[in-house]
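Peer 1: There's a structure below that I have some questions on.
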Amino acid sequence: QVQLVESGGGLAQAGDSLKLSCAASGGTFRYLVMGWFRQAPGTVREFVGSISWSNEITKYADSVKGRFTISRDNAKNTVYLQMNSLRPEDTAVYYCATEPRGSYYLAGAYTYWGQGTQVTVSS
C-alpha cells in the first residue's frame with residue numbers, strides 16, 4: 001500500500017513561514033498528481049494546491065496563491081509545501097494525498113492520504 005507521511009507542522013506567528021514535507025513510499029511512477037489539503041475543526045477538507053509528477057505543473061487555491069509554493073524532490077519521493085506570510089485562518093491539519101480519480105481539487109477524488117500534520121498560526 002502507498003504510504004504518505006507529513007511532517008513540518010507546528011506553531012507559528014502570523015507572518016511567519018513553515019515548510020511541510022510529504023514523504024511517499026511505494027514507488028514514484030504512480031504519483032501522477034500529489035495534492036495538499038487542509039481541514040480545520042468543524043469544516044470540510046479543502047484544496048490547497050497540487051503538483052503533477054511528470055511536468056511539475058502546480059495549481060493553487062485562490063486563498064493561498066502568492067503565499068504557498070509546492071515543489072517536489074523526485075530523488076527523495078518527497079513533496080513540499082512552503083507556506084509564507086501565514087495567517088490565523090491557515091490554522092488546520094494539513095494532509096497530502098495522491099492518485100486522484102477525477103478532479104484534482106476535490107478531496108473525495110484522491111485514493112491515498114497521509115495522517116496529517118497540525119499547523120497553528122496565532123495572531
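The values are calculated or read from the model by the stated rules, or taken from the named source; none is laboratory data. This is a predicted model, so every value here is computed, not measured. Virtual Cβ from ideal backbone geometry, glycine too; neighbours counted across all protein chains shown. Areas reflect the complete protein model, heavy atoms only, side chains present, ligands, DNA and RNA absent. Shrake-Rupley method; radii C 1.70, N 1.55, O 1.52, S 1.80 Å.
Peer 1: Just the residues that are open to solvent by 40 Å² or more (accessible area, probe 1.4 Å), farther than 17 Å from Tyr110 by Cβ and assigned to a strand (DSSP E or B), please, taken from segment 44-79.
Peer 2: Thr69, Ser71, Asp73
Peer 1: Follow-up. State whether the residues of segment 12-24 include one that is open to solvent by 80 Å² or more (accessible area, probe 1.4 Å) and modelled with pLDDT under 95.
Peer 2: Taking every residue of segment 12-24 in turn, none turns out to be open to solvent by 80 Å² or more (accessible area, probe 1.4 Å) and modelled with pLDDT under 95.
Peer 1: Of everything in segment 27-42 that's modelled with pLDDT of 85 or more and not aliphatic (A, V, I, L, M), which residue is nearest to Tyr112 (Cα to Cα)?
Peer 2: Gly35
Peer 1: Of everything in segment 52-96, what is without any contact (Cβ under 8 Å) to a residue 40 or more places away in the chain and under 25 Å from Pro41 (Cβ atoms)? Give them in sequence order.
Peer 2: Tyr60, Asp62, Ser63, Val64, Lys65, Arg67, Phe68, Ile70, Glu89
Peer 1: Does at least one position in segment 95-115 carry a residue that is under 16 Å from Leu4 (Cα atoms), assigned to a loop (DSSP other than H, G, I, E, B) and either open to solvent by 30 Å² or more (accessible area, probe 1.4 Å) or at pLDDT below 95 (or both)?
Peer 2: Checking segment 95-115: at least one residue is under 16 Å from Leu4 (Cα atoms), assigned to a loop (DSSP other than H, G, I, E, B) and either open to solvent by 30 Å² or more (accessible area, probe 1.4 Å) or at pLDDT below 95 (or both).
Peer 1: Return a yes/no flag: does segment 83-91 have any residue that is in a strand (DSSP E or B), of a type in the set (Val, Ile, Thr), open to solvent by less than 80 Å² (accessible area, probe 1.4 Å) and out of contact with any helix residue (DSSP H, G or I) (no Cβ under 8 Å at 6 or more places or on another chain).
Peer 2: No, segment 83-91 contains no residue that is in a strand (DSSP E or B), of a type in the set (Val, Ile, Thr), open to solvent by less than 80 Å² (accessible area, probe 1.4 Å) and out of contact with any helix residue (DSSP H, G or I) (no Cβ under 8 Å at 6 or more places or on another chain).
Peer 1: Further, regarding this structure: Of all residues in segment 31-43, which are farther than 15 Å from Ala109 by Cβ and open to solvent by 50 Å² or more (accessible area, probe 1.4 Å)?
Peer 2: Gln39, Pro41, Gly42, Thr43
Peer 1: Just wondering, is there one or more residues in segment 59-72 that are closer than 16 Å to Ser25 by Cβ and among the hydrophobic types (A, V, I, L, M, F, W, C)?
Peer 2: no
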